[in-house]
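Right, one structure below, let's go through it.
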Amino acid sequence: MTKNINDIPELLNKFKHKTSNYVKFHEVDAFQVVHNLQYLLWAEIARVEYCTQLGISILPDKNKNEKPFSIFLVHTEINYFNPATFFDNYIMYTRVSKLGRSSMTFEHIVTKTDGTPLCINQGVEVYTDKNMQSVRINEDIRKKVIDFEQENLEITENN
């Protein structure tokens, strides 16, 4: 994950999923900018939307007798570049940059609609069984991510 704002335009070419929204009143803090926690909430929403777009259920399908599983965010980091303020329009770009045995590394870039970079975020999610032990991500999910991300995806059997 980059810490250099100048890397953002080139990185955006790797992102195939994006959503747009605007800053709500309750997302702004006493300093009249988006509170830092909000970016992590936006990332969570974007991860769910990404999975939904790819047809990946974030809950086991009882009708298909899927084994119970959970998905946990185990690591996140964020680099802030510019502030957003009330009513700013923004774009949240989302991708899976790394697919492990039991984990997916998501990256998010948030820009204003004029292209001004706001932040870059990385989050690692791990699939677990009902006993909270990591499990291999099922092949259907793996295939959907690989087919969508193609050459922009690092695949490893570690974690």
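The values are calculated or read from the model by the stated rules, or taken from the named source; none is laboratory data. None of these values were measured; they are calculated from a predicted model. Backbone-built Cβ (ideal geometry, glycine too); neighbour counts: all protein chains shown.
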request  = Among the residues of region 117-135, write down those that are of a type outside the set (Lys, Arg) and assigned to a loop (DSSP other than H, G, I, E, B).
outcome  = 129, 131, 132, 133, 135
inquiry  = Could you tell me how many of the residues in region 87-105 are closer than 20 Å to residue 38 by Cα and touching a Leu at 6+ places or on another chain (Cβ under 9 Å)?
reply    = 5
message = Considering only region 106-116, I want to know if a residue exists there that is aliphatic (A, V, I, L, M), in a strand (DSSP E or B) and either in contact with a strand residue (DSSP E or B) (Cβ under 8 Å, 6 or more places away or on another chain) or over 19 Å from residue 19 (Cα atoms) (or both).
response = yes
query = Which condition breaks for residue 146 when tested against (1) assigned to a strand (DSSP E or B); (2) in contact with a Leu (Cβ under 8 Å, 6 or more places away or on another chain); (3) among the hydrophobic types (A, V, I, L, M, F, W, C)?
reply = (1)
task = Identify, from the list 152, 158, the residue that is more than 12 Å from the chain's Cα centre (by Cα), at pLDDT below 95 and closer than 14 Å to residue 15 by Cα.
result = 152
inquiry  = Residues that are more than 18 Å from the chain's Cα centre (by Cα), surrounded by 21 or more Cβ atoms within 10 Å (Cβ to Cβ) and more than 24 Å from residue 59 (Cβ to Cβ): does region 82-89 have at least one?
reply    = yes
task = May I ask you to list the residues in region 1-31 that are in contact with a Phe, Trp or Tyr (Cβ under 8 Å, 6 or more places away or on another chain) and modelled with pLDDT under 95?
result = 5, 8
